[in-house]
Amino acid sequence: MDIFVCILLFSGLFFLTAGSIGILRFPDFYSRLHPAGKLDTLGTLLAMLGLALFNLHHFSLGALLTSLKIMLIIIFVFVASPTATHAIVDAGVRAGLAPWTKGEKRR
Amino acid sequence: MKIIGLIITIITGAFLVYAAIDFPAWSDPNSPASTYLSPYFIENSMKDTSVPNYVTSLLADYRGFDTMFETTVIFTAGLVCFILLRISGGKEPETSHYRHVLTGVTVTLKKGHKIPESEDFERIDDLWTPPDLIIKTSCRLMIPFIQLFGLYVIAHGHSSPGGGFQGGVILGASIILLAISHDLRTALEKMREKVVAILCPIGVSIYAGTGTLCLLLGVNFLDYSALASVLHVDPIAARSHGIFMVEIGVGIAVMTTMIWIYNNISSAGKYNQGL
């Protein structure tokens, strides 16, 4: 059980770190939103799942309720985060920002 | 004139710094706040008010006056935004646009003409951009849950972090999310301008009215133990109920002020499609 929680937490941490590096390293607005939208969602999801499992260590009805609340957070992050990323990309397209192509300078 | 202002500012700042020297140091264990004030609240909050979360009991009971005027300040902020920005009446625009929802055809009408009342047409502005289906749908999905959570935060302020201010902000944000994801007209259909403008003072009045009720029952302003005779509970539980009534008032005031300020600022007081 502990090992499983550790694996979940560390993989969540890995994805969050990779997302942060991606935001710094990618060349332009749209490609930066790619790690920001995808990896942050996945990282939060895995870390939260690990916390929900860890919370069930001493099983009781109260602990189960807390875990269910964490699962609810997961569901709402899973809906809200990609929508927010989509909204930002949409705003960029409507404002007329051209995507970066190979050979151009980083923006 | 500028120089006089500068001198006044410097003198005021110097006074503030001079006054701040007398303050106890950060986290000084011998300061008055941590020798008797905080321990008193921590020890006696449960005994006095039967509220487990002593932040809430401190905010709405021990320090009730302060919170009441904080709510009034928020109400005043909303009112000022309304008075400064709202353009009522004024000139009617030369042309107005209506969009047929099903086909996307836009009809432009000259001044004075009106379209028959129908569900098929929506009023649009010059700078209209089509709302995004994905954002609209997922926001419609989220808004009821956000509102439910806001009510939970208001009602659960007694035993967990939360209360009227936080819950009111969440409730207001749900309506603002509707205005952002659709447009301001859709949000105004759910929460009309008049409703907002009436609910906001009502929220403040619920707070002040609870205090006045205590006054009429023969004790001090905002001394909720007097509500015991009205609610048929013992005085300590009555304090808890009084705090809850006050939190509801704060929640309503904060929610409507958020919506009021957003409505006025996002449409520059014109109440058209907004951002």
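The values are calculated or read from the model by the stated rules, or taken from the named source; none is laboratory data. The structure displayed is predicted, hence computed values, not measured ones. With ideal geometry, Cβ positions are generated from the backbone for all residues, glycine too; neighbour counts draw on all protein chains shown.
Below are the figures for this structure:
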{"read-out": "Region B:131-141: number of residues that are at the interface with chain A (Cβ under 9 Å from one of its Cβ atoms) and within 17 Å of B:Met191 (Cβ to Cβ)", "value": "1"}
{"read-out": "Near pairs, Cβ below 7 angstrom, 6+ apart or cross-chain, from region B:32-61 (under 14 Å from B:His241 (Cα atoms)) to any residue that is charged (D, E, K, R) and in a helix (DSSP H, G or I)", "value": "B:Asp48/B:Arg239; B:Thr49/B:Asp61; B:Thr49/B:Arg239; B:Ser50/B:Arg239; B:Ala60/B:Glu247; B:Asp61/B:Arg239"}
{"read-out": "Of all residues making up region B:156-208, the number that are among the small types (Gly, Ala, Ser), surrounded by fewer than 19 Cβ atoms within 10 Å (Cβ to Cβ) and modelled with pLDDT under 90", "value": "2"}
{"read-out": "Selection count, region B:33-43, where residues are small (Gly, Ala, Ser), within 31 Å of the chain's Cα centre (by Cα) and surrounded by 11 or more Cβ atoms within 10 Å (Cβ to Cβ)", "value": "1"}
{"read-out": "Sole residue being at pLDDT 80 or above and surrounded by 12 or more Cβ atoms within 10 Å (Cβ to Cβ), chosen from B:Val105, B:Val153", "value": "B:Val153"}
{"read-out": "Criterion (within 14 Å of chain A (Cβ to nearest Cβ) and out of contact with any Gly (no Cβ under 9 Å at 6 or more places or on another chain)) met by exactly one of B:Ser118, B:Ser160, B:Ser96, B:Ser174", "value": "B:Ser160"}
{"read-out": "Residue list for region B:17-32, restricted to those being surrounded by 10 or more Cβ atoms within 10 Å (Cβ to Cβ) and not polar (S, T, N, Q)", "value": "B:Pro24, B:Asp28, B:Pro32"}
{"read-out": "B:Thr67 being touching a residue at least 12 places away in the same chain (Cβ under 8 Å), in contact with a Lys or Arg (Cβ under 6 Å, 6 or more places away or on another chain) and surrounded by 11 or more Cβ atoms within 10 Å (Cβ to Cβ)", "value": "no"}
{"read-out": "Given (1) in contact with a helix residue (DSSP H, G or I) (Cβ under 7 Å, 6 or more places away or on another chain); (2) farther than 16 Å from B:Asn264 by Cβ; (3) touching a residue at least 40 places away in the same chain (Cβ under 8 Å), number of the condition B:Met191 does not satisfy", "value": "(2)"}
